1. Give the residues of the stretch 484-515 that are open to solvent by less than 50 Å² (accessible area, probe 1.4 Å) and closer than 21 Å to Ala439 by Cα, sorted by residue number.
2. Quick one: would you say Ser586 is open to solvent by less than 50 Å² (accessible area, probe 1.4 Å) and not aromatic (Phe, Trp, Tyr)?
3. Do we have Leu49 as more than 28 Å from the chain's Cα centre (by Cα) and modelled with pLDDT of 90 or more here?
4. I'd like the full set of residues that are surrounded by fewer than 17 Cβ atoms within 10 Å (Cβ to Cβ) and farther than 15 Å from Val506 by Cα, limited to the stretch 474-483.
5. Applying the selection to the stretch 605-624, what residues are in contact with a helix residue (DSSP H, G or I) (Cβ under 8 Å, 6 or more places away or on another chain), assigned to a helix (DSSP H, G or I) and open to solvent by less than 70 Å² (accessible area, probe 1.4 Å)?
6. What number of residues within the stretch 204-220 satisfy the criterion of being surrounded by fewer than 20 Cβ atoms within 10 Å (Cβ to Cβ) and either among the polar types (S, T, N, Q) or within 35 Å of the chain's Cα centre (by Cα) (or both)?
7. Based on this model, can you work out whether Leu602 counts as under 30 Å from Asp554 (Cα atoms), out of contact with any Ser or Thr (no Cβ under 6 Å at 6 or more places or on another chain), part of a helix (DSSP H, G or I) and open to solvent by less than 100 Å² (accessible area, probe 1.4 Å)?
8. Please go through the stretch 96-155 and pick out each residue that is in a strand (DSSP E or B), more than 24 Å from Leu180 (Cα to Cα) and aliphatic (A, V, I, L, M).
Amino acid sequence: WIRINLAFRAFRQKMQLTILPVRRIVLYKHGVGFVERKGYVSGNSEIRLGFKKDVMNDILKSLCVTTSGEGKVTAVSYETPDDISQLIEEKAIRVPEKDALVGLFRHLKGYRVQIKTASDTVTGKVMGTQEYENKKAALLVHKVVIMDDVEQKIRSFDIHNILYYTILDAEAMQDLNFFLEAVTSERKKNFKGVTVYVDGADTEVKISYINPMPSWRVSYRVALETSKRSTAFLQGWGIIDNVLDEDLQDVEVSLVAGKPVSFIYDLYTPPVVKRAVVKEENRNMAGPIEFQAQAKKMARTRAYTTEACREEAMDFQPMAMMAAAPPMPRMAAMMASSTAVDTRSVEMGEFFRYDVQSPITVKRGQSAMVPIIQVDVPCKKEHVFNASKDPRNPAVVVRLTTENGVVLERGPVVILEDGNYVGEAIVPYTLTDNECLVAYAVDMGVNVSTENGPFSRRWQSMGIEGEYIVTTEVTTTTTKYSVENRTKDAVNLVIEHPRNPSATSVTVEGGVLEDGIVDHHHRIRTKVEGHTSLLVTVVVEQLDYQRESVNYADPAVIMNRCALNSVSPVVTDNLKAVFAARAEVSKLEQDEQELRAQLNSLMEDQKRIRENMGALGNSDEERSLRSRYVAQLQAQEGQHSELSAQLKRVAKDLRTARDDYGKMLTQRVEASA
């Protein structure tokens, strides 16, 4: 009989292994179930849970442990997704499948052990093993070789004569213990363990989490009777499935009809961020670098202007659209009293850090969950409707305010209301003294229909600005939100209406318009009583400007527009004068163009005559032709002088007309309706 004395056994005996049974399950329509385990533990205990690898992300996202006695949750550890077989190969201590005792001695080379035989007890370092064949007995003899600590002698012991031996090296003992547990885990490669450590006296422990589960279904029966035509008998059957790896016995079951937000967030896979490799280099001494001190933070401005709306926003009633289980004891108080948080928050300029003050124990091959924040924060619950996100139903939103140095890193959050799971969301990165909105469900009991219209346009003013005729019109857009609350409870509703950057005024009927713009939306707050409907009307006015160049505008169209909109005589007379001046400039430009064309034609004809004269000889006929050419040139010179004089007069008049036209355009003339 061979016995390996593990030093770790004393510690393990102090930790009692406990398995908590399932006591309550809440099933939802979107593929998850809220599982609650409950039981009593005594003293320092380990509560073991097992889950399939595919569901570990949901477990890490939602696991919640509470205690009702003096016991406290000290840590939660879980097996990492690393390949167990690879981890085993990386360890120094391994036990082979065959010849376990001999193989273990081979891996203990260099470690101190204490060997006990029938006649002796020896302590020393293992040097290795040797084997030889006993031909007489026809068997293979294995021996272990050690160096005696006392006599410093090398001694060998027949393994079959060893009663037991103790491994004295603590690191080797931990490696051996890790190996044994890892081998057990490797048998269930797709099954991962989660361990909850509870430290303290006898206490009741409750563990809850969400787990992927089939949606529950329902089938109805309707019985009609001819003698009772005005009534019918309706029967509904809920259908549920047990996909857990255990029996459900005496379990409370709740079926929830609703639409909470749910998703898979990868928390199980350890993220590894690749960093750049920077080589050391020689650096010259540099002078001091100075930066201006950070300015004092600006005071925050409250977004609400109506005191009544602020008071209504503080109402925090359970979701009417969810048929959840009966209320549980105050979950927040239980969580606060059940988990010991010893964390210090440190501001580092634009960074923030959490320092865990208490030592943390994480077993090999596992990871850990450590609480870092436990604080009460102000919150407001409200329903927010945004047609671009959901055209029919408002989202259930909780508004959280961070205070007293609390900084929230981005991550998933599970919302519990009266001890019941009601949805999930993502918390954005939020600095202290700021607000974050967390939308975790959709209220199917409140319907909102949006009607755009009517659309109208009216003339407001017309005027002249530079070279343009500017017409200003007011466009009015009306949007109606018809709200129907089919639940019994009143709802504080916030409608996010798209902001029009060109709007000059926004008026609301049936609600209160909040100051400020949120995510390019106006926020309209109202309250809808249970089993009632409400109409919220939003009227937005904006100014539209139409610019037309005076040089290309049709005078008849412009003057007709003035007549239809009863434009004042001042603007009308000014427009007439401008159009008359424009017509005068156009006429003079045309006259100048015609005179230049005539003058150019005359000059081209003179050039042709002179070229012909140069080609004539001294014959009588050629002399006679030359005389006619000379007479023609003399006549054209008179025409050229007259055309040049006319062109000079027209050019002068054109300059004057253009100056007068330009002066008219520099005068701003405007008239309103």
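The values are calculated or read from the model by the stated rules, or taken from the named source; none is laboratory data. What you are looking at is a predicted structure, and each value in this text was computed from that prediction instead of being measured. Cβ coordinates were reconstructed from backbone atoms using ideal geometry, including for glycine residues, and neighbour counts include every protein chain displayed. Protein only, heavy atoms only, side chains kept; ligands, DNA and RNA dropped before computing areas. Shrake-Rupley method; radii C 1.70, N 1.55, O 1.52, S 1.80 Å.
1. Hits for the stretch 484-515 are Asn485, Thr487, Asp489, Ala490, Val491, Asn492, Leu493, Val494, Ile495, Glu496, His497, Glu514.
2. No: the conditions fail for Ser586.
3. yes
4. Within the stretch 474-483, Ser482 is the sole residue that qualifies.
5. Residues satisfying the conditions are Asp605, Gln606, Ile609, Asn612, Met613.
6. Total satisfying the criteria: 8.
7. no
8. Answer for the stretch 96-155, where residues must be in a strand (DSSP E or B), more than 24 Å from Leu180 (Cα to Cα) and aliphatic (A, V, I, L, M): Val122, Leu139, Leu140, Val141, Val145, Ile146, Met147, Ile154.
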